[in-house]
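Participant: Encoded as structure tokens, here's the structure I'll be asking about.
Bear in mind that the values in this text are calculations on the coordinates, not laboratory data. Note that the coordinates shown come from a computational prediction; the quantities given were computed from them, not determined experimentally. Here the Cβ positions follow ideal geometry from the backbone for every residue, glycine too, while neighbour counts run over all protein chains shown.
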Amino acid sequence: MLKSIHHAAVICSDYEKSKYFYTSILGLEIIAENYRQERDSYKLDLRLPDGGQIELFSFPNPPNRPSRPEAMGLRHLAFVVESVEKVCAYLQSFNIAVEPVRIDQYTGKKYTFFQDPDALPLELYEQ
């Protein structure tokens, strides 16, 4: 029935800052960028290498996330990487804080977390 996740939607507080983060730092490809006048909102469609997508939205004065990361709802976004250490070093070259690398006790795979410009938790999970 369900085959894959098509996209995840993220609401940001500073559109240009988040657009730069997701495209220039994380390297996601822009599919489409639209300004929606009636909502005073941008919608940026971004493609991951596997075809999955992130929709980046801006809205005037979005409410803050209630708590981190255990608020009800989406906890974090996780990205598959070949090497957690290499991606951590890359992110740190942009002064992006990365948590220490951990080992998943159930799979034995390496993983860690970092944050987008609005402190949304993002995970790197090694293949």
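Participant: Using the crude model of +1 on Lys and Arg Cβ and -1 on Asp and Glu Cβ, and no other charge, please compute the dipole size for region 74-127 relative to its Cα centre, in debye to 20.
Facilitator: 120
Participant: Sort T107, T112 by Cβ crowding within 10 Å, fewest neighbours at the top.
Facilitator: Least crowded to most crowded, the residues run T107, T112.
Participant: Sticking with this one: State, as an integer percentage, the relative contact order of the chain based on alpha-carbon contacts under 8 Å between residues 6 or more apart.
Facilitator: For the chain, the relative contact order is 22 percent.
Participant: Below 8 Å between Cα atoms, with a sequence gap of 6+, how large is the relative contact order for region 1-62 in percent?
Facilitator: Across region 1-62, relative contact order equals 41 percent.
Participant: Then there's this: When the label point is put 7 Å from the Cα of I31 along its Cα-to-beta-carbon vector, which residues of region 48-64 have a backbone N closer than 19 Å?
Facilitator: 48-58
Participant: What size of dipole, in debye to the nearest 20, comes out for the chain about its Cα centre when the only charges are +1 on Lys and Arg C-beta atoms and -1 on Asp and Glu C-beta atoms?
Facilitator: Result for the chain is approximately 180 debye, rounded to the nearest 20.
Participant: Rounded to whole Hz and in sequence order, give me ³J(HN,Hα) for region 108-125 from the Karplus expression 6.51 cos²θ - 1.76 cosθ + 1.60, θ = phi - 60°, writing x for Gly and Pro.
Facilitator: x, 8, 7, 7, 7, 10, 8, 10, 7, x, 9, 6, 5, x, 10, 10, 9, 10
Participant: If the only charges are +1 at each Lys and Arg Cβ and -1 at each Asp and Glu Cβ, what is the size of the charge dipole of region 1-62 around the Cα centre, to the nearest 20 debye?
Facilitator: The dipole magnitude comes to about 120 debye.
Participant: Name the residues whose placed amide hydrogens come within less than 5 Å of the amide hydrogen of Q53, ignoring near sequence neighbours (fewer than 5 apart) on the same chain.
Facilitator: Under 5 Å from the amide H of Q53: H7, A8, L48.
Participant: Name the residue from L122, L28, L48 whose Cα lies farthest towards the positive end of the charge dipole of the chain, charges +1 on Cβ of Lys and Arg and -1 on Cβ of Asp and Glu.
Facilitator: L122
Participant: Here's a follow-up. Of the labelled options (i) 104; (ii) 142; (iii) 170, which one gives volume of the Cα convex hull per residue in Å³ as computed for this structure?
Facilitator: (ii)
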